[in-house]
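Report on the following structure.
The values are calculated or read from the model by the stated rules, or taken from the named source; none is laboratory data. All values derive from a computational prediction rather than experimental measurement. All Cβ positions, even for glycine, are placed from backbone atoms using ideal geometry, and neighbour counts span all protein chains on display.
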Ligand code: UDP
């Protein structure tokens with residue numbers, strides 16, 4: 001009951017995280033440990049090799065960027081781990097734990113961040129995290145299908161419904 005009251009004032013949020021192929025062999029366990037230590041619940045988890053079609057569709061917002069085909073090649077190059085993370089303010093908190101896109105910049109501006117610690121370069125940068133709640137819900141739906149990602153309902157803005 002106490003937990004329900006807390007959820008009412010601080011509704012939980014979901015975000016999509018991906019451990020990218022470059023970090024799967026060496027850093028996956030440590031990253032999962034950091035996610036749990038950061039207070040996120042792992043609501044869904046799936047290890048998979050993305051097909052080209054899936055990777056292209058997933059990153060379609062970037063289709064006109066010069067790095068698009070490299071990005072798709074990389075995302076299909078080996079297994080990824082897809083994760084739905086649940087926590088109050090999950091989208092922003094996960095972005096902040098990951099750090100900036102470019103690990104060179106991350107090492108300067110966010111040295112404790114996961115990308116600063118594990119990423120190789122701006123393409124092979126260990127992790128994905130949704131940039132806002134709308135994207136999070138769209139991509140979770142795209143990668144996990146129609147299944148409700150928690151045993152509680154979602155409100156229209158993608159937060160867990162505190163009354164459910
Ligand atoms: N990326 C790249 N070169 C760039 C910018 C991005 O290879 O100059 C790759 C990188 O893997 C990044 C992904 O494309 O994570 C998506 O880019 P976005 O700008 O959305 O960065 P993110 O939200 O992942 O930090």
Subject >> Matching entry among 115, 44 (being under 15 Å from the mean Cα position of the chain (by Cα), within 14 Å of the ligand (Cβ to nearest atom) and outside any loop (DSSP other than H, G, I, E, B)) >> reply: 115
Original post:
Hey, among 159, 93, which residue is at pLDDT below 95 and surrounded by 14 or more Cβ atoms within 10 Å (Cβ to Cβ)?
Top reply: 159
Original post:
Only one of (1) under 22 Å from residue 24 (Cα atoms); (2) out of contact with any helix residue (DSSP H, G or I) (no Cβ under 6 Å at 6 or more places or on another chain); (3) in contact (Cβ under 8 Å) with a residue 60 or more places away in the chain is not met by residue 74, so which one is it?
Top reply: (3)
**OP:** Please work out if residue 106 is within 12 Å of the ligand (Cβ to nearest atom), under 23 Å from residue 35 (Cβ atoms) and part of a helix (DSSP H, G or I).
**Re:** yes
Original post:
Taking the stretch 56-90 as the region of interest, how many residues are in a helix (DSSP H, G or I) and within 11 Å of the ligand (Cβ to nearest atom)?
Top reply: 11
Subject >> Selection within the stretch 125-134 - within 12 Å of the ligand (Cβ to nearest atom) and either buried (at least 17 other Cβ atoms within 10 Å of the Cβ) or over 15 Å from residue 59 (Cβ atoms) (or both) >> reply: 125, 126, 127, 128, 129, 130, 132
